[in-house]
Structures are given as C-alpha cells and as structure tokens.
Amino acid sequence: MTRHILVVDDQPDLRLLIRLTLRALGEVAQAASAEAALAQLATGKPDLLILDVWLGEGISGLELCRKLKDDPAMAGMKIMLLSACGQQSDIATGLAAGADHYMVKPFSPEALMEAAAGLLES
C-alpha cells in the first residue's frame with residue numbers, strides 16, 4: 001500500500017527539500033497555499049499532511065489544521081505543523097489546533113524523516 005503525503009508550504013525550495021526527503025516513505029504531492037491544498041484534499045485524503053504554519057496570503061496553516069481536524073471526512077489523517085516559531089506557547093497553540101506533531105524550522109532531514117515515519121506508523 002502506497003502512503004500519500006501532502007506538503008503545504010509557500011517556499012518552493014523547502015517544498016522540494018521535504019519532497020525529496022520523504023519520497024522514500026511514499027508518494028509526495030505539494031501545494032503552495034492552503035487554498036491549493038484544499039483543492040487537492042477534495043480529490044482524496046493523504047495519510048500525512050505536512051503544513052507550514054505561516055502560508056503568506058489567505059488561510060494560515062493553523063486555521064487549515066483546525067478546519068481539517070473538525071472535518072469528519074479527514075478523520076485519521078495525521079498533520080505535522082512546521083514553523084520557525086519555536087516558543088512553548090507556539091507549540092502549544094499548534095497542538096491545540098489539532099496537530100499530531102509540531103516541528104520547528106530549521107530542522108534536519110533526518111529529524112523530519114523520523115517524525116513523518118512515526119506519524120505514518122501510528
């Protein structure tokens with residue numbers, strides 16, 4: 001069974017890094033905004049959503065996380081938030097929004113791979 005991962009980040013270089021890092025875990029799709037992510041989610045639910053907290057214009061990653069966790073159609077999908085904000089309060093806010101994991105940028109590819117693999121196994 002192929003695992004499906006969706007990476008949502010407004011920085012193309014970071015999307016590419018994450019995609020290349022995680023491709024051993026399954027099929028990795030990407031989106032540059034919350035709106036683009038919602039369009040992809042309408043066609044199918046990934047096993048793991050990797051979501052930047054700050055996505056520039058439009059819906060934030062935190063808002064999208066809350067919305068998806070409240071949607072019964074998205075039940076079972078794991079969400080990992082990525083953020084440059086690493087204060088305890090930022091992490092608590094992300095987890096309160098429903099994130100299954102919160103990773104602070106910059107992160108090592110090894111740490112990302114380990115966290116993603118753990119979420120996919122849980």
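Which of the listed residues, PRO106, LEU49, ILE91, is farthest toward the dipole's positive end in the chain, when Lys, Arg count +1 and Asp, Glu count -1 at the beta-carbon?
Comparing the listed Cα positions along the dipole, LEU49 ranks first.
In a Gaussian network model over the chain where Cα atoms closer than 10 Å are linked, find which of ALA32, ALA42, ALA92 has the largest mean-square fluctuation.
ALA42
What per residue convex hull volume, in Å³, comes out for the chain when only alpha-carbon positions are used?
Enclosed volume per residue, from the Cα hull, is 97 Å³.
Treating the beta-carbon of each Lys and Arg as +1 and of each Asp and Glu as -1, no other charges, what is the dipole magnitude of the chain about its Cα centre, to the nearest 20 debye?
With Lys and Arg at +1 and Asp and Glu at -1, about 200 debye.
Pairs of Cα atoms under 8 Å, at least six residues apart: use those to get the relative contact order of the stretch 4-121, whole percent.
This gives 24 percent for the stretch 4-121.
Since every read-out is calculated from the coordinates, none of them should be taken as a lab result. These figures come from a predicted structure and were not determined experimentally. Note that each Cβ is placed from the backbone with ideal geometry, even for glycine, and that neighbours are counted across all protein chains shown.
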